[in-house]
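The values are calculated or read from the model by the stated rules, or taken from the named source; none is laboratory data. Quick caveat: nothing in here was measured; it's all calculated off a predicted structure. Reconstructed Cβ throughout: ideal geometry from the backbone, glycine too, with neighbour counts over all protein chains shown. Only protein heavy atoms, including side chains, enter the accessible area calculation; ligands, DNA and RNA are left aside. Shrake-Rupley method; radii C 1.70, N 1.55, O 1.52, S 1.80 Å.
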Amino acid sequence: MMNIVHISDTHGFHRKVNVPFGQVLIHSGDISNRGERYQVEDFIDWFVNQPHKYKIFIAGNHDICFDEHHPLNENKLEKQLLGENYVPLKPAWLNNLLDNLPDNVFYLENDGCEIEDVKFWGSPATPWFYGENWVFNKHRGHEIKQVWEQIPTDTHVVITHGPVMYKCDYIPQQQFFAGCEELEYKLQEVKPILHLSGHIHEGYSWAYNGNTEFFNGSVLDGDYELKNDPWEIELNVHYKEVKVLNNISTPN
């Protein structure tokens, strides 16, 4: 049995979130507003010092410094001098933070980790949304499908910044489902027990498709106000059971 606390989209408000105690704390991206160094450093300091035995986080489309391929992170002089030999890198200060995380804290970027026989896999990728301004944006269809093809078929918990199509992804003001259809197809194949996401603040909710429990953990609402509670989830991988310990009693 594993107790999981799930949050997402804190956008610099992490220290104001009332985080319940649990075994594993998971943050599914947008830890900052625009990847500001002071916010990222403060988040990581706060996150690693939470009392949970294990902590997992991924980046989101707002966390610009995490995407070494974004133009804002390019070393233009080095790129000009090295040409085709130029290798994009995350900022040195960020690499130093990520390289020195405690052994019980995991940053996932299209990869996974295993904690007490539970297999996690995480990705910051989201369908294209003003990709010239934001990060980890992939065009719908083949491009983003290539990311989801990396999810191992024995994964128990998938953590992505964005939700799947038609699950915790509806934006009422636009009457639009913003989730990823290719991710939905891949999860139908993998059948993880849990899928944890955020990104669509208005999509904060819980849903179920017969195989997987879906949670959108955005703690900020559509107006970027701190309104939503963290999810408290009890996971039993051996019986493939999920129990919600707080909040909505019935999934959408």
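Things to note:
- Identity of the residue in segment 101-145, among the charged types (D, E, K, R) and within 13 Å of the chain's Cα centre (by Cα), that ends up least open to solvent (accessible area, probe 1.4 Å): E109
- Candidate set from segment 186-196 (those that are in contact with a Phe, Trp or Tyr (Cβ under 7 Å, 6 or more places away or on another chain) and of a type outside the set (A, V, I, L, M, F, W, C)); member that is farthest from T153 (Cα to Cα): H195
- For segment 173-190, the condition of being modelled with pLDDT of 95 or more, over 22 Å from E68 (Cα atoms) and of a type in the set (F, W, Y) holds for at least one residue.
- E202 being surrounded by fewer than 20 Cβ atoms within 10 Å (Cβ to Cβ) and in contact with a Gly (Cβ under 6 Å, 6 or more places away or on another chain): yes
- Taking (1) under 22 Å from K186 (Cβ atoms); (2) of a type outside the set (S, T, N, Q); (3) assigned to a loop (DSSP other than H, G, I, E, B) in turn, G122 satisfies each apart from (3).
- Residue check, Y239 open to solvent by 10 Å² or more (accessible area, probe 1.4 Å) and assigned to a helix (DSSP H, G or I): no
- For segment 185-210, the tally of residues that are within 13 Å of the chain's Cα centre (by Cα) and β-branched (V, I, T) stands at 1.
- Put simply, of V17, V87, V48, V24 the only residue that is over 16 Å from the mean Cα position of the chain (by Cα), closer than 21 Å to Y204 by Cβ and of a type in the set (A, V, I, L, M) is V17.
- Residue list for segment 45-60, restricted to those being open to solvent by 10 Å² or more (accessible area, probe 1.4 Å) and either without any contact (Cβ under 8 Å) to a residue 60 or more places away in the chain or not aromatic (F, W, Y) (or both): D45, W46, V48, N49, Q50, P51, K53
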